[in-house]
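Asks: One structure, pasted below without further comment.
The values are calculated or read from the model by the stated rules, or taken from the named source; none is laboratory data. Remember, it's a predicted structure, so these values are computed and weren't measured experimentally. So basically every Cβ, Gly included, is an ideal-geometry build from the backbone, and we count neighbours across all protein chains shown. Only protein heavy atoms, including side chains, enter the accessible area calculation; ligands, DNA and RNA are left aside. Shrake-Rupley method; radii C 1.70, N 1.55, O 1.52, S 1.80 Å.
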Amino acid sequence: WCKKGSEKIIQSGYALLHLVNDLLDMARLEAGAMTVNCLQQDIIAQLRYLVGSFSSVAADKNIDLQFFPHTGEFIMDFDADKLMQIVSNLLSNALKFTPENGKVELSTVNSPNQHSFSIRVKDNGPGIAAEHLSRIFDRFYRIENPLLQTQSGSGLGLALTRELITLMKG
């Protein structure tokens, strides 16, 4: 029991730290105090690394996590820290709501003229009902679903993701 209890305490501590960091990031964004630090680098390599960092979480739920880049390499300007926050939020949400033995995919697409780059996350989870879609990026908005009561969240992740993408002119 002690080992399980201490693991739960540590897990809860990390969840609380993540929530505090999200709140601080939202405050920095509102205050205009968050800067973008872009470097020109291979975004495909960065995404491959980020997807790989979720492999153990996917394996724990027996979820098939796949990365489908549109090319082997794509050099562009981006802020690696903010990209990590964005992709981590999207993948953690997809993995959280995808049932055991499910599938989560991250893919990339760029326009033929090379002026746009898209990251897409797709899963075979229950999805979001149409009546909730317009609000999923609102702060603290959570969809109450009795079937998903074991899934916790603050309702900040997607709001922060949208703000970070806007900050980077995405």
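Asks: Hey, can you tell me all the residues within the range 30-39 that are under 25 Å from PHE74 (Cβ atoms) and open to solvent by 90 Å² or more (accessible area, probe 1.4 Å)?
Replies: ASN37, LEU39
Asks: Would you please name the residue that is surrounded by the fewest Cβ atoms within 10 Å (Cβ to Cβ), looking only at residues in the range 120-132 that are in a loop (DSSP other than H, G, I, E, B) and not hydrophobic (A, V, I, L, M, F, W, C)?
Replies: Once the filter is applied, the top-ranked residue is GLY127.
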